Amino acid sequence: MKSIIELKEVTKVIKGRKIIDNISFKVNKGEVFGFLGPNGAGKTTTIRMMVGLMGITSGDIEIAGHSIKTRFEDAVRYVGAIVENPEMYKFMSGYDNLIHFARMSKRITKEKINEVVALVGLTDRIHDKVKTYSLGMRQRLGLAQCLLHDPEVLILDEPTNGLDPAGIREIRDYLRLLAREKNMAVIVSSHLLSEMEMMCDRIGIIQNGRLIDVQFVKEFVQTDKQSYEFEVIPSEKAMILFQTSFPDVRLIRSSNGITVEVKKEEIPNIVKILVEADFQIFSIKEVAKTLEDRFLEVTAAKGGTNHD
Amino acid sequence: MKSQLQRGGQTMINLIKNEWMKIFKRPGTYVMIGILLAIVCIFGAIEKYEVKGNNSSPDNRWEQNLKQENNALKQQAKSAQTKTEKDFYKQKIVINEYRLKHNIPPDATTYHIWDFVNDAGGLIQLAGLFTIIISAGIVASEFNWGTIKLLLIRPISRVMILLSKYVTVLLFALLMLSILFVFATVVGAFLFGFPEQTSSYLNYVNGKVTEQNMVLHLMIYYGLNSINMIMLTTMAFMISSVFRNSSLAIGISIFLLLTGAQITTLLAIKFSWAKYLLFANTDLTQYFEGTPVVDGMTLGFSIIMLLLYFLVFQALAFSVFKKRDVAA
Ligand SMILES: Nc1ncnc2c1ncn2[C@@H]1O[C@H](COP(=O)(O)OP(=O)(O)OP(=O)(O)O)[C@@H](O)[C@H]1O
Ligand SMILES: [Mg+2]
């Protein structure tokens with residue numbers, strides 16, 4: 001796979017404060033990259049630098065081999081982006097807004113505009129003024145605006161902000177489609193972990209302006225150790241037995257019993273010990289570890305230290 | 001490279017189309033034009049009411065009157081103190097002699113269309129006010145709306161974006177002036193009619209009198225009187241792009257539009273450095289008819305001062321706009 005956008009040791013200092021600290025990563029064509037972090041982590045700031053809205057204090061960003069610093073026009077040509085909210089001219093119709101942005105790129109035909117409008121499902125309302133649009137419709141219009149010039153990199157800052165579950169799902173499927181069919185690199189930022197998990201191939205976790213981890217979603221969620229919930233009675237005694245028999249294993253008292261973090265191969269052994277000690281086992285369930293759990297783990301372990 | 005230049009030109013035209021569209025998709029713009037048209041009508045009605053009855057039939061004794069006037073002027077010229085005063089009388093005398101020689105009666109006796117168009121030139125202030133409002137908003141509004149983010153992430157340099165906005169402001173100024181001029185002509189023709197003979201304007205340059213087509217003269221007159229408005233529009237544009245604040249730009253510019261000339265005149269009485277002020281130089285008609293604000297100022301000096309102010313405004317606007325981090 002070929003990378004289309006690369007951040008090289010990007011740092012941003014505003015008024016003496018390091019907002020972004022030495023971030024480097026690459027995003028490949030055909031990949032959905034998630035940019036994950038809590039409020040104020042620096043996601044939007046990083047995106048602003050990627051599209052040339054903000055200067056880069058040190059380091060560089062290259063898009064299709066062109067530096068956004070020194071060859072802005074060559075680099076940004078490949079990019080379609082929504083930074084924060086999809087702001088449009090409210091006093092004009094959606095269509096006029098698209099005409100406006102079509103004029104700013106080369107060779108965008110009326111047919112292309114209509115095609116994109118149909119694609120985002122706005123055909124019925126496109127000639128209404130934007131001020132009459134709902135937030136979801138504005139998101140769609142923003143997306144249409146990004147796609148007019150067939151970008152190779154799509155950068156969306158919190159694209160599902162304000163969408164209903166159906167809308168979120170639609171956007172998610174659509175972004176996956178763009179990455180797969182048009183070989184676009186899609187970069188989305190979010191602080192909603194659950195949706196990143198379903199949408200992205202890879203995610204980078206940013207906290208306090210530092211990129212603390214980049215991982216494939218599959219690997220990220222599936223580590224070799226899993227959690228299993230044992231529904232067992234009496235549970236207090238079982239806890240003590242677990243602690244003595246498996247001193248290294250992590251235990252959590254849960255509502256239905258005890259959750260233990262062990263390898264799958266260990267389960268028969270555990271069952272045997274419990275049965276031999278006359279405990280009653282009602283069920284053993286695998287507890288899927290969500291990205292959220294992993295996220296909290298990672299940020300607690302690596303992000304806790306402050307960089308000032 | 002020529003093709004590159006052409007492409008740049010095409011981009012510029014597209015950008016200007018965009019700006020024009022954004023101005024004319026807003027109802028406020030039509031309100032402005034409506035007010036301008038209405039005020040020309042009201043102004044016409046007032047003039048009509050005032051000149052009613054004053055319009056006497058053409059004066060048969062105009063030649064005698066002019067001769068008398070000239071004799072009086074010659075006396076005044078003799079007792080005049082300064083050179084500018086002398087020049088002023090001399091100009092009147094020469095023009096009167098020209099009229100006598102070529103049999104062109106002064107048309108001051110009847111009020112007709114061209115007098116009205118000339119007087120309506122006072123409304124350039126109003127056209128200026130509206131242009132300043134547009135100019136002050138054209139950059140600041142994009143920041144307020146948040147649309148600046150979309151504008152600046154297309155493959156077009158910031159310099160081009162800002163330039164297209166400035167050119168649009170100039171085109172808007174031209175539109176407002178044209179509307180004023182054309183509509184004043186229409187209202188003038190309707191209310192006051194054309195003079196009997198085609199009138200021309202008598203120009204006085206370096207002791208010589210030349211005849212000039214009246215419409216052309218009025219256009220030049222409008223043009224010269226627009227310099228003030230263009231400079232203030234440019235200033236509003238600069239404030240708007242530097243501070244991203246349209247109210248500030250409108251406030252300062254309109255305050256200066258209304259009071260700048262008076263303040264400068266007051267200062268000029270006491271201080272000769274007043275000649276370096278913008279408003280001492282915006283009225284170029286002072287060199288053609290009348291006396292300069294500060295003695296010793298020349299047309300060349302004023303043009304250089306105007307250019308300097310213009311360049312400073314533009315340099316500020318462009319350098320700040322080019323460098324700024326956009327976090328709107
Ligand atoms: N123009 C600015 N001047 C000063 N500080 C700023 C500026 N822009 C951003 N910051 C600071 O930079 C940090 C990162 O902000 P940023 O908007 O990038 O966060 P984010 O990850 O997008 O957060 P959110 O999830 O809330 O959108 C914040 O602490 C913010 O206060
Ligand atoms: Mg943000």
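When the residues of the range A:60-84 are filtered to those that are within 16 Å of ligand 2 (Cβ to nearest atom) and in a strand (DSSP E or B), which remaining residue is nearest to A:Glu158 (Cα to Cα)?
Applying the filter and picking the extreme gives A:Ile82.
Return the total of residues in the range B:264-278 being open to solvent by 30 Å² or more (accessible area, probe 1.4 Å) and either closer than 15 Å to B:Phe313 by Cα or at pLDDT 90 or above (or both).
1
Which numbered condition trips up B:Lys323, out of (1) touching a residue at least 12 places away in the same chain (Cβ under 8 Å); (2) within 14 Å of another protein chain (Cβ to nearest Cβ); (3) open to solvent by 50 Å² or more (accessible area, probe 1.4 Å)?
Of (1) touching a residue at least 12 places away in the same chain (Cβ under 8 Å); (2) within 14 Å of another protein chain (Cβ to nearest Cβ); (3) open to solvent by 50 Å² or more (accessible area, probe 1.4 Å), only one is false for B:Lys323: (1).
So A:Leu274 fits all but one of (1) more than 30 Å from A:Leu192 (Cα to Cα); (2) modelled with pLDDT under 75; what number is the exception?
(2)
Among the residues of the range B:280-299, how many are part of a helix (DSSP H, G or I) and within 18 Å of B:Gly223 (Cβ to Cβ)?
Here the count works out to 6.
Here are some conditions: (1) within 8 Å of chain B (Cβ to nearest Cβ); (2) touching a residue at least 24 places away in the same chain (Cβ under 8 Å); (3) touching a helix residue (DSSP H, G or I) at 6+ places or on another chain (Cβ under 7 Å); (4) open to solvent by less than 10 Å² (accessible area, probe 1.4 Å). A:Val79 meets all but one. Which one does it not meet?
Result: A:Val79 fails condition (3) only.
Taking B:Leu256, is it open to solvent by 70 Å² or more (accessible area, probe 1.4 Å) and in a helix (DSSP H, G or I)?
Criteria not met by B:Leu256.
Need the failing condition index for B:Ile263 against (1) over 28 Å from B:Gln91 (Cα atoms); (2) assigned to a loop (DSSP other than H, G, I, E, B), just the number.
It fails just one condition, (2).
Can you tell me which of (1) free of Cβ contacts under 8 Å to residues at least 12 places away in the same chain; (2) buried (at least 21 other Cβ atoms within 10 Å of the Cβ); (3) more than 9 Å from chain B (Cβ to nearest Cβ) is the one A:His100 doesn't meet?
Failed condition: (3).
Of A:Val260, A:Val271, A:Val275, A:Val249, which residue is crowded, with 18+ Cβ neighbours inside 10 Å, over 30 Å from A:Lys12 (Cα atoms) and either within 16 Å of ligand 2 (Cβ to nearest atom) or not assigned by TED's automatic domain parsing to the domain that holds A:Thr45 (or both)?
A:Val260
Please specify each residue of the range A:224-242 satisfying the condition of being surrounded by 11 or more Cβ atoms within 10 Å (Cβ to Cβ), without any contact (Cβ under 8 Å) to a residue 40 or more places away in the chain and farther than 16 Å from A:Glu276 by Cα.
Result: A:Lys225, single match.
Among the residues of the range B:111-143, what is the count of those that are within 10 Å of another protein chain (Cβ to nearest Cβ) and surrounded by fewer than 22 Cβ atoms within 10 Å (Cβ to Cβ)?
Count: 1.
If we keep just the residues of the range A:119-159 that are within 16 Å of ligand 2 (Cβ to nearest atom) and within 20 Å of A:Met50 (Cα to Cα), which is surrounded by the fewest Cβ atoms within 10 Å (Cβ to Cβ)?
Taking the candidates together, the pick is A:Glu158.
Looking only at the range A:163-194, which residues are within 16 Å of ligand 1 (Cβ to nearest atom) and in a strand (DSSP E or B)?
Result: A:Ile187, A:Val188, A:Ser189, A:Ser190.
Can you spot a residue in the range A:19-35 that is over 18 Å from A:Met184 (Cβ atoms), within 16 Å of ligand 2 (Cβ to nearest atom) and not β-branched (Val, Ile, Thr)?
no
When only residues in the range A:60-76 that are acidic (Asp, Glu) and more than 10 Å from every other protein chain (Cβ to nearest Cβ) count, which is most open to solvent (accessible area, probe 1.4 Å)?
If we take residues in the range A:60-76 being acidic (Asp, Glu) and more than 10 Å from every other protein chain (Cβ to nearest Cβ), then A:Glu62 is most open to solvent (accessible area, probe 1.4 Å).
Specify which of the listed residues (A:Arg202, A:Arg180, A:Arg169) is open to solvent by 40 Å² or more (accessible area, probe 1.4 Å), in the same structural domain as A:Lys18 (by TED's automatic domain parsing) and modelled with pLDDT of 90 or more.
A:Arg180
Residues are listed down the side, and each one gets a yes or a no for (1) over 27 Å from the mean Cα position of the chain (by Cα); (2) under 27 Å from B:Ile39 (Cβ atoms):
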| position | (1), (2) |
| --- | --- |
| B:Thr110 | no, yes |
| B:Trp114 | no, yes |
| B:Ala127 | no, yes |
| B:Val139 | no, no |
| B:Asn144 | yes, no |
| B:Lys149 | yes, no |
| B:Ile161 | no, no |
| B:Leu175 | no, yes |
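Return yes or no: is B:Lys165 assigned to a helix (DSSP H, G or I), at pLDDT below 95, touching a Leu at 6+ places or on another chain (Cβ under 9 Å) and within 14 Å of another protein chain (Cβ to nearest Cβ)?
The answer is no for B:Lys165.
When the range A:15-59 is examined, which residues are found to be surrounded by fewer than 17 Cβ atoms within 10 Å (Cβ to Cβ), outside any strand (DSSP E or B) and within 11 Å of ligand 1 (Cβ to nearest atom)?
Scanning the range A:15-59 gives A:Lys15, A:Gly16, A:Pro38, A:Asn39, A:Gly40.
Quick check, is B:Phe172 crowded, with 18+ Cβ neighbours inside 10 Å, in the same structural domain as B:Ser241 (by TED's automatic domain parsing) and part of a helix (DSSP H, G or I)?
Judged against the criteria, B:Phe172 is a match.
The values are calculated or read from the model by the stated rules, or taken from the named source; none is laboratory data. In this text, all values refer to a predicted model and were calculated from it rather than measured experimentally. Heads up, the Cβs are rebuilt from the backbone with ideal geometry, glycines too, and the neighbour counts pull from every protein chain shown. To get the accessible areas, we keep the full protein, side chains included, count just its heavy atoms, and leave off ligands, DNA and RNA. Shrake-Rupley method; radii C 1.70, N 1.55, O 1.52, S 1.80 Å.
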